[in-house]
Amino acid sequence: MTLEIAGRLGIFATVFAALAVWELLAPKRELSIGRLKRWPSNFGVLVVDALLVRLLIPTAAVGAAVAAAGNGWGLFNWLQLRLSVGAVLGFLILDFVIWAQHWTFHHVPLLWRLHRMHHADLDIDVTTGVRFHPIEILISLLIKIAVIVAFGIPPVGVFVFEVMLNATSMFNHSNARMPAWLDRVLRLFVVTPDMHRVHHSVHRAEHDSNYGFNLSWWDHLFRSYTGQPAEGHVAMRIGLPVFREPGEQRLVSLLAQPLRESAGGP
Ligand SMILES: [Zn+2]
Ligand SMILES: [Zn+2]
């Protein structure tokens, strides 16, 4: 387990550093309030998330997969699926579940209160990819654990999924510019920064689309795909119509945001 944490931390730091340099050298948009006012809070959220999850569910998702494998729990173990088949199928199932969870957090008002903190970021860059309310992270982890145990997803599939989800979330939130042809090719498989930026539009029709974090297929399959923002990537407004005052970006305000009223509908 310690090895898992060390491995994940190492990959996280490497991917984060690479994306941070990329968006510094080739930014897609000019940041409206800059890094100094946002990064400490976005990292603060990440630290609170990590501590809370480790405190409440120290075994996390891979631990649940190890327990399922050891005890023969779940559909894949009953069917005695080959490890490689179980890992690939498990990866796809988890990716779809996270897509469905994201859709649900947009459509159930109580859950939207938790998720809207992610959308209240006034810029979108690599740190937005780790800015999720700790209760949303906890609910998401419980859902993943239930799915892992029900299907008996092998630990290797869960580990690869967790690392990929973390890396692709940072990638698709990054403010990095890439050639249009590369975006087109990547979009056939994964969610690109341009595809996910649409999801951070201030307009509801746009932020209620492109729910994918990793594979781009689910949004096509369930007709929730929007190719480009109506106002273009540079001119579009990022964030919500509310929670736009500078004080809203403080860590305490972010954590307390689900309890506050002023946000209106999704
Ligand atoms: Zn969202
Ligand atoms: Zn996002």
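The values are calculated or read from the model by the stated rules, or taken from the named source; none is laboratory data. If you're wondering where the values come from, they're calculated on a predicted model, not measured in any experiment. Note that we place each Cβ from the backbone using ideal geometry, even for glycine, and neighbour counts take in every protein chain shown.
Brief remarks follow.
- Only one of the numbered conditions (1) under 27 Å from Val62 (Cα atoms); (2) away from ligand 2 (no atom under 16 Å from the Cβ) is violated by Leu114, and that is (2).
- Looking at Ile135, Ile33, just one residue is β-branched (Val, Ile, Thr), under 20 Å from Val202 (Cα atoms) and in contact with a Leu (Cβ under 9 Å, 6 or more places away or on another chain), and that residue is Ile33.
- The set of residues in the stretch 128-161 being part of a helix (DSSP H, G or I), within 11 Å of ligand 2 (Cβ to nearest atom) and either of a type outside the set (A, V, I, L, M, F, W, C) or over 21 Å from Leu251 (Cβ atoms) (or both) consists of Thr128, Gly129.
- Residue satisfying condition, being at pLDDT 95 or above, within 16 Å of ligand 1 (Cβ to nearest atom), among the small types (Gly, Ala, Ser) and at negative phi, within set Ala146, Ala150, Ala176, Ala120: Ala120
- A single entry from Leu221, Leu240, Leu215 fulfils the requirement of being over 17 Å from the mean Cα position of the chain (by Cα), more than 14 Å from ligand 2 (Cβ to nearest atom) and aliphatic (A, V, I, L, M): Leu221.
- Residue match in the stretch 60-68 (condition: closer than 30 Å to Val252 by Cα and either in a helix (DSSP H, G or I) or small (Gly, Ala, Ser) (or both)): yes
- Of all residues in the stretch 227-250 being aliphatic (A, V, I, L, M) and assigned to a loop (DSSP other than H, G, I, E, B), the one that is surrounded by the most Cβ atoms within 10 Å (Cβ to Cβ): Leu240
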